[in-house]
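Q: I'd like to ask you about the structure that follows.
What follows draws every value from the coordinates through simple rules; no lab data is involved. Just so it is clear, the model here is predicted, and its values are computed rather than measured. Note that we place each Cβ from the backbone using ideal geometry, even for glycine, and neighbour counts take in every protein chain shown.
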Amino acid sequence: MGEARSDGTHLSDIRPLSPEMRKRVGGHPRAGAKRGRPRKDAESRSRIVPISWNPNCWTEVDRFTKANGITRSRLVPKAYG
């Protein structure tokens, strides 16, 4: 009928674990665990803030950022952070 496993049971004999048996056996150590990078809290998350700026100022801003080894994106947090 069904295929036999190495321990002699048939696949048709396999049933889900009862709640008592599930407690006794436990689960996989990482079951339900979040994987990957941890989420930041709402206060420290970055936000996109579009701004309007006089185009003539960008050359000065770019000169400053290049001289200090930072990007435009890091300029505002560095100035206000």
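Q: Select one label from [x] 57, 33, 22; [y] 81, 27, 23; [z] 37, 31, 24: the one whose number is Cα extents along the principal axes in Å as derived from the coordinates shown.
A: Of the labelled values, this structure produces [y].
Q: Same structure, new question: Segment 32-81: which chymotrypsin sites (Phe, Trp or Tyr not before Pro) are DSSP loop and have at most 13 other beta-carbon atoms within 10 angstrom?
A: Trp53
Q: In a Gaussian network model over the chain where Cα atoms closer than 10 Å are linked, find which of Ala67, Ala31, Ala42 has the largest mean-square fluctuation.
A: Fluctuation is largest for Ala67.
Q: Could you name the lysines whose alpha carbon sits less than 16 Å from that of Lys66, not counting residues in the same chain fewer than 8 places away?
A: Candidates past the 8-residue exclusion: Lys78.
Q: Can you give me the angle between helix 55-68 and the longest principal axis of the chain, using Cα atoms only, in degrees from 0 to 90, rounded to the nearest 10?
A: On a 0 to 90 degree scale, this one is about 70.
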